[in-house]
Each structure stands twice: as structure tokens, then as C-alpha cells.
Amino acid sequence: MCGELLVQGSKNAALPMLAAMLLAEGVYILHHCPQITDVDHMLELLTDAGCLTRREGHMLIVDTRGADRCSLKGSGAGKMRAGVTLLGSMLGRMHAVEIPYPGGCTIGKRPIDLHLKALGQMGAVFEHREHTLSGYAEKLHGADISLDFPSVGATENILMAATLAEGRTVIRGAAREPEIAALAGFLQKMGAHIEGTGTSVIRVEGVERLHAAEYIVPSDRIVAGTYLLGAVMTGGEIRLLHVPTAHLGILPRILTELGAEVFLKEEQDEIAVKMERRTRAIPYLATAPFPDFPTDLQSALMAALSMAAGPSFLEEKIFEARFQIVPELRRMGARIYEEDSLAVIEGEARLRGAQVEARELRGGAALIMAALAAEGKTVISGMEFVKRGYEDIQGDLKKLGIVLH
Ligand code: UD1
């Protein structure tokens, strides 16, 4: 892998921004919006609500002036997790919401109890039917909410609901992921009063009304991380542009531990890596909320560690079903054993091409990186999962000197 790449816009930042658009009537413009199927599904839901949407390359225009339907039947929400963030925005402005049960990758149970409890504290009442979830709130009011776990989605939902709620909302134990700050930045441009994003205590002062805004979606730190780990696996040298380096958390340190040389240019939002030695093992690493190692890069790291000089232990602490890549990597020659949330990666593998299956988004992208490092041909099925979050992985890799068929 060798070359330079401008990284696509962030899926996890763009999706809640699209949900937030229902908080105010007007015409929104989102720049650097990734062309991925999860965005298409969210747009289906916005259309269902009565919005008009238009894409011009990476610019997205959404007119919410006709949005008056709070019962969304579209299959979009059933296909992806982020549909749940419509709860906060629709309760905020329309005072009612009905969505199909949220889907997403099958990486664990993915409950939404924290979302419902917090919105309940703000005055919402929910009703569960077989396939749909309905919520009502005559008037949302501010509340002092303590999250038992810094859930990204729950923090986003509360943030959105709080912007139009009466009075002040405090979120304690809030998620600190960069996508929260991005959503807050967007909401602030819409006229919201928010303080403390990036910390675990966020304060929101409700306002009477918000207005439409224009915003630039930040680059996708997980897509960036996937390619950086791909460069480590292939002994490459790549430079990624337009990546806010602060969004990468501890990833640059982990890349160094793996044996790569890492060059960060914070002012220019650039990161480069060069890998000239054998991958080093990492004795133990656990996934954890930002700024620690993200669960979304766990499978790509596992693929890299399978080739390392020595054993590594990886613990998955966020989602319980996130080792679905293990049998596929084994098929490619990796020696990995899993027990509950712990994976033991023996290392020393010379990966070889095989017929493998992507079973979820991030695992699928990790398999592509493994395939680049493997000897011989790998055929990967299930690419529809990868398209949920990677706009054009084939085109990106071409820019990094690799041709996929
Ligand atoms: C978001 C990201 C996903 C990322 C994850 C963790 C989007 C669209 N998705 O997912 O890519 O992997 O953050 O960084 O932004 N939990 C509960 N009850 C709840 C909510 C969550 O128990 O009500 C648990 C989950 O089961 C999981 C953990 O909390 O074990 C983290 O979930 P959360 O941070 O909410 O992740 P998502 O917002 O679903």
C-alpha cells in the first residue's frame, strides 16, 4: 500500500446530523457527506417523514419544510442502528415518533434501554409493539441524566431532545467520541446552546426554536484507521489527508507499538505511516470508549496481530458478538482462539488467500485488509455490509496503489 488519500466523510457523524435536521424547518446543506448505503437508508426515513432530499456528489441538500409525518414505515430504520437517533429529534419537534425497531450490524444485543430511560426522564412515554417503537411527549423538559455507560447513541438522542426541551439538561457520563462534538457543532449552528462536549458532562439549555444550517462532516476516523492498519499489514507507506488527528485517540500510539513509524501533522490534519519491519505483537489491549481503542477497529487490529511476531490478547469490551471475523481469518491461516470476550492471537501467521465471508461492516473491511497482506487470491462475499460504511473502498485502494477485482 503506497500513496496519498483524502478520507471520506464520517458515517457515524453524518447519520445523527441527518436525524437532527428534523428539529427545525428549513433547507440544510451537508458537505463531505459519504455516499454509503446507511446514509441512503437514513434519507429514506427523512423522505418518509416528508422531507425533500437531493445529492450533488458529496453535497447533500435536505428540505425539511414539509416534514409533518411522525410515523415512519420505511425499511431504513430496520436496516441500521442510527435510525434510533430519530427518537430524540422527532420527539423534540413533533412530540411523537413511531419507527421500526432499529437494526444495524449483528454485533451484539444492542439494547436501547439507556435511550428510553433518559428520554423518559425528559417527559417521553414509550410503547413497544411487535415491530415498532412509538414515543410521545407533550412537552419535553430538561433533566439531570446520569448514563450508566457512555453510550454514543444515547448521548446523541438526549443532546437532540434537550435542544428544544424546556429548561436545562445535564448529561453525566456522556460519550466523548468525536461524533458527539460534531453533532453538537451542527446543533450549535442550528442555534442550540450546548457546553461541555468532548468531556463527560454536557450541559444543554433548551431554546424555543432552531433553524436550518450548513455544515461540513468531519472525515471518518474508522475508515482512516482501517487503511492505516492495512498499511501496517502490507508493509506500506501511506499519507491520509483531511483527518483531524485528535479524532484518532490512541490509534497513533498503537500503530507505533505495532512497529510503524507514524508522522502526525496536527495543523494540517494529516497522518502518515511507514512500515518497514515485522509487525510486533501487543501483549494485551481492550476496546473501550473514546479516546481508547475503538471497537470499530478491533477486527482490523486482530487481522494485523495475526501476522505479528508473537502472541497478543485482545479483549472486546463494547459489543459481545464482535469476533465474527475469527473463523474467516482462520480460513486464511491465522491462529486465533476466542473465549467469551477474549481473543488469543498466536501470531506468526503467513496469511494465504481463501474464500471468506464478511458478516458485518467493520469485519468485512478488515478482511479486505487481510486479503491485501495474504499470498494468493482471496474471494470475499458479503460486500453489501462493507458498503454500509465505506463509500468506495476499491477506489480508495486504487489511490493507494492496489487494484481489486
Ligand atoms: C455507535 C456507533 C458504532 C460504535 C459504537 C461504540 C453509530 C451509528 N454507531 O453505536 O459504530 O461501534 O457507537 O463506539 O454511531 N448499550 C446499552 N443500552 C443502551 C445503549 C447502549 O446497554 O441503551 C450498550 C451497547 O449494547 C454496547 C455499548 O452500550 O454494549 C455501546 O453502545 P453505544 O455506545 O450506544 O453504541 P451505538 O451508539 O449503538
Ellipticity estimate at 222 nm from DSSP helix runs (n ≥ 4, -39,500 (n - 2.57)) divided over the chain, nearest 500: -9000 deg cm²/dmol
The range 239-313 versus the range 390-405: alpha-carbon centroid distance in Å: 20
Shape of the range 244-291, Cα gyration tensor, a/c cut at 1.5: oblate
Gain on full stretching of the segment that runs from Leu404 to Thr199 - 0.36 nm per residue minus C-alpha separation: 69.7 nm
Rounded D (µm²/s) - the chain, Kirkwood Rh over Cα pairs, Stokes-Einstein at 25 °C, 0.890 mPa s: 114
Length added when fully stretched, Ala309-Tyr284, from 0.36 nm per residue minus Cα-Cα: 7.6 nm
Cβ crowding within 10 Å averaged over residues, with 174-180, 200-206, 42-48 ranked highest first: 174-180, 42-48, 200-206
Distance between modelled label sites at Glu208 and Leu264, nm, 7 Å Cα→Cβ extension: 4.5
Rounded to whole Å, sorted largest first: equivalent-ellipsoid semi-axes of the range 294-339, Cα gyration tensor: 17, 12, 9
Residues whose placed amide H lies under 5 Å from that of Leu133, excluding near-sequence neighbours: Ile99, Tyr101
Too-long pairs where the Cα-Cα distance tops 21 Å, listed order kept, from Lys274/Lys398; Lys117/Lys139; Lys189/Lys265; Lys11/Lys387: Lys189/Lys265
Distance in nm between pseudo-label sites at Arg277 and Asp292 (7 Å out along the Cβ direction from Cα): 2.7
Taking Glu339, Glu384, Glu360 and counting other C-beta atoms within 10 Å, the order from fewest to most: Glu339, Glu384, Glu360
Exposure proxy ranking, count of Cβ atoms within 10 Å, fewest first, for His32, His242: His242, His32
The range 313-326 - phi-based ³J(HN,Hα) in whole Hz, Karplus 6.51/-1.76/1.60, Gly and Pro as x: 10, 10, 10, 9, 10, 9, 10, 7, 10, 10, 10, 5, 7, 4
Extension gain from Arg335 to Glu348, taking 0.36 nm per residue of separation minus the Cα-Cα distance: 3.8 nm
Gyration tensor verdict on the range 323-395 (Cα atoms; rounded if a/c is under 1.5, prolate if a/b is larger than b/c, oblate otherwise): oblate
Estimated D of the range 131-219 in µm² per second, where Rh is the Kirkwood radius over Cα pairs and Stokes-Einstein applies at 25 °C, 0.890 mPa s: 184
Loop sites in the range 241-285: GluC sites (Glu not before Pro), DSSP, at most 13 other Cβ within 10 Å: Glu266, Glu267, Glu276
DSSP beta bridges in the chain [antiparallel fraction, %, rounded to 5]: 70
Cα-based convex hull, the range 10-99, per residue volume (Å³, whole number): 72
Low-density loop cleavage sites - trypsin sites (Lys or Arg not before Pro) in the range 363-405, where at most 13 other Cβ are within 10 Å (DSSP): Lys377
Distance between the range 4-63 and the range 143-172 - C-alpha centres, whole angstrom: 23
Sorted peptide list for 85-94, 321-330, criterion being average Cβ within 10 angstrom, highest first: 85-94, 321-330
FRET efficiency for Arg54 and Glu257, using Cβ-Cβ distance with R0 set to 35 Å, rounded to 0.05: 0.20
Tensor-based shape of the range 272-405 (alpha-carbon gyration tensor, a/c under 1.5 rounded, otherwise prolate or oblate): rounded
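A short reminder: the numbers here are calculations on the coordinates, not readings from a lab. Since the structure is predicted, the reported quantities are computational estimates derived from the model, not experimental observations. Cβ sites come from the backbone with ideal geometry, for glycine too, and all protein chains shown count toward neighbours.
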